[in-house]
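Note sheet for the following structure.
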Amino acid sequence: MSESARKDTPEQAEFRQYCRAWLQDNLPPDPPVRLPLSPLEITTSEQLDYLQAWQKKTYDAGLIGCDYPLECGGGGRRDCQRVANAEMAAVKTPFLPNVIGLGMAAPTVLFHAREEKKAELLPRLFSGEDIWCQGFSEPGAGSDLASVQTFAEKQGDKWIINGHKVWTSLAHFADWMILLLRTDKSHKYDGLSYFVVPIRSELGKSVTVRPLIKMTGETGFNEVIFDNLEVDDSYRLDEVGKGWQVAMTTLAHERGAGEMVTPRSGGKGKSDDKEAASVFGSSALVDLARSSFRNGKTAADDPVIRDRIMREIIREEGFKQSSRRARVQGLQDHPMRIPLQNKLLMTEIMQDVAELATEIEGAAGSLSVADPNAPAAGRWPLAYMNSFGMTIAAGANEVQRNILGERVLGLPKSK
Amino acid sequence: MAQPTNFGFGEEEVMLRDSARKFFADKLPTERLHALVGDDPDPHRSLEARWDPALWQQMMELGWAMLAVPERAGGMGLGAVAVVALCEEVGRAAFPAPLLATLNATYILAACGSAAADQAMAEIIGGTAVSFAAINRQGSWEYPDTDVTVADGSLSGQACYVQDAQKVQHFVVKARCGSGTGLYWVAADAVGVTIIPDAIVDLTRDQARVEFSDVAAIELSDDAVAALNQAMPALWTLQAADMVGAAEWQLQTTVEYAKVRKQFDRELGFFQAVKHPLVNVMVAIDQSKSLVYNAACAIDSEPGKAARFAHMANASASDAAAFASSRSVQFHGGIGFTWECYIHLYFKRQLHNQALWGDAAYHRTKLADMVIGPVAA
């Protein structure tokens, strides 16, 4: 029996059996098109259709939203999402396309929306029929998120929204957006409010979505412009002026430190049952070093390269073991100490692995995805560039270090 | 056998850790430690060990020296996870005592699997402190290397960098025996044993070169390499736990200083040039601590992976120790550079720790041999 299975509650054990059996019979066919590396890089409707169909199927089978209440389309279970995730990871299912919906919008809606809105929004979010995106950053509000200027003005039961959001992943496919905006210009933090807004139906009218081109040449994120978008007051989450507190719920989940476990499917995310699959690719470095040359011999025999690969393998194992330790009550010095390090570590290990991989490739690391001779199909220099999206997004890592220094170490605030 | 998700860290381990933390904080708070070991700043000070044997006596009465002695040999037979919890506290207190040395010897003796080794462990239970005398003049960490040879049951030669040599009553000595290497049990006061203390940087330990001149010895094992293959992961992991505990003290002490010390009308910790590196120290400690408990858990329940995980833990902890040391002195500013500020005690202990039983680069080299395979000749 697997280690994780031995620690299951009766409910989890039964659910694990169910997931395992269901997955055995329902693995999806191979995709008809090449899939991107992450949901945030979905570019074609063929990719989206295939992935959406998979999400719908897993939701209908009860593998998504397991821990959410029955009334809002959830499974009403206790701590079972991680079970479904582990089972899906073990058989390497395709990833779930509605990643912002599942990871950020759903917990925020659950904790802050009116009851009838939860029932209206969450089932279609879980099934992937509605794709969600996140309207937080603006041209003038990045790490200093609370300085957003997109403004909502109250007119009767409606709000009229004007403004400009950027770095909006999936907006080109999205039906809904979680939106942090300003309802009062005289207070910075207390002048913010939080809405969920339908954008698909307003495209070409009061909402404009335009692609932004990343440094890699890929699209994938967008800018979104609101020109008198009218939204009913019932789509406001929590009270007027409480937007910052609601946004904290979203951000905690985005950074992997939230209360709800995000539904995940696919090879990313570790399987407890297999020899540790490398999440960040550090073990791929070994294979790469074996097939790359340096000073006339394989890079795998170069002592400097060996040392640097070991550093990354150790960091990745450390990250994994910290996630394990975070669940052992007696082994923590501060309850938020490990959870708040998640985003920092994940993104920096990923970045350093990609950088080292590109370096191991040597001269061939100069070849892009467009070159037929590029090792690993040009994946590593591309991954290295894309990794900056991760170290910058969700609060740049410099902001994460402020948060850790202030909330965990108790150092004075830097602003 | 798979590892338990909670590392096997339960109530018993929490109690041991908490009582150890309280014991060290009560019996030897940092100012008393400094008075005890830092009495003489002169690098040419006398070489006698500075420690409190009465406290060591109390620690043995608490059973800490026999924690890892297997039950078959009359000990408590606790898992390595419990032992590292204790070692973390030893490091946090920078405590001068032959506890790690004796625990280390226990793991080696347990791996010998001989009646003589079981008898030696019975002596540990009876209050004997032990140190492993293994390193040659070149400081080699390779198992077969030694400057001691055995002939007709008698040892001759020298062992260098022997830890706590003035505090222990017995040595486990690694010696060449014909074409192989064996392990031997020798009393520190046996005829022909000469202990020549080193002058060392670390004030919380003593270390010596031990000379053996035709010393009668009891054979514990005729295959030191096999015994050490089994035991060394524990030594590396215990050492890493000591470093993690000491680094946590360095972090917390520096954080407290950064909250009160003001420059430019602000507390130091306000400045991101101070705040962010302190966060980086914390992250490095947490990574190492997690790897330490993982390695300890592997020793207890997944021995086939113990060496690999222990290399990871020790490499990570050595780097975290070096980092915590450098930042603790730097961020204390001018006062951090003086003898009166306690942080030098930890800086020096960490410097010693970092190279004990293999430094970070050594452990990464060994790990690479396991993960990638040896370098082609």
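The values are calculated or read from the model by the stated rules, or taken from the named source; none is laboratory data. No experiment lies behind these values; they were computed from the predicted model shown. Here Cβ is always computed from backbone atoms with ideal geometry, including for glycine, and neighbour counts include all displayed protein chains.
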Restricting segment B:140-173 to residues that are out of contact with any strand residue (DSSP E or B) (no Cβ under 6 Å at 6 or more places or on another chain) and either touching a residue at least 12 places away in the same chain (Cβ under 8 Å) or outside any loop (DSSP other than H, G, I, E, B) (or both), the residue that is surrounded by the most Cβ atoms within 10 Å (Cβ to Cβ): B:167
Of those in segment B:258-291 that are surrounded by fewer than 21 Cβ atoms within 10 Å (Cβ to Cβ), outside any strand (DSSP E or B) and more than 7 Å from chain A (Cβ to nearest Cβ), the residue nearest to the chain's Cα centre (by Cα) is B:280
Scanning segment B:335-365 for residues that are crowded, with 22+ Cβ neighbours inside 10 Å and within 14 Å of chain A (Cβ to nearest Cβ) gives B:358, B:360, B:363, B:364
Checklist (1) away from chain A (no Cβ under 12 Å); (2) farther than 15 Å from residue B:329 by Cβ; (3) touching a helix residue (DSSP H, G or I) at 6+ places or on another chain (Cβ under 7 Å) applied to residue B:250, failing item: (2)
Residue in segment A:300-342 that is farthest from residue A:402 (Cα to Cα), counting only those that are at the interface with another protein chain (Cβ under 7 Å from one of its Cβ atoms) and in contact (Cβ under 8 Å) with a residue 60 or more places away in the chain: A:337
Residue B:83 fails exactly one of (1) under 13 Å from the mean Cα position of the chain (by Cα); (2) free of Cβ contacts under 8 Å to residues at least 60 places away in the same chain; (3) assigned to a helix (DSSP H, G or I), namely (2)
Between A:367, A:411, A:345, A:404, which is within 14 Å of another protein chain (Cβ to nearest Cβ) and over 24 Å from the mean Cα position of the chain (by Cα)? A:411
In segment A:227-250, anything aliphatic (A, V, I, L, M) and in contact with a helix residue (DSSP H, G or I) (Cβ under 8 Å, 6 or more places away or on another chain) is listed as A:229, A:237, A:246, A:247
Note: among A:337, A:327, just one is among the basic types (Lys, Arg) and in contact with an Asp or Glu (Cβ under 8 Å, 6 or more places away or on another chain), namely A:337
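This table checks each residue for (1) under 15 Å from the mean Cα position of the chain (by Cα); (2) buried (at least 19 other Cβ atoms within 10 Å of the Cβ).
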site	(1), (2)
A:114	no, no
A:120	no, no
A:123	no, no
A:127	no, yes
A:138	no, yes
A:150	no, yes
A:163	no, yes
A:167	yes, yes
A:179	no, yes
Filtering strands (runs of 3 or more DSSP E) wholly in segment B:191-256 for at least 1 residues that are surrounded by fewer than 24 Cβ atoms within 10 Å (Cβ to Cβ) and touching a Gly at 6+ places or on another chain (Cβ under 9 Å) gives B:207-216, B:218-221
Can you tell me which residue is farthest from the other protein chains (Cβ to nearest Cβ) among those in segment B:7-35 that are within 18 Å of residue B:253 (Cβ to Cβ) and surrounded by 14 or more Cβ atoms within 10 Å (Cβ to Cβ)? B:34
What's the number of the only condition in (1) outside any strand (DSSP E or B); (2) outside the structural domain of residue A:105 (by TED's automatic domain parsing) that residue A:126 fails to meet? (2)
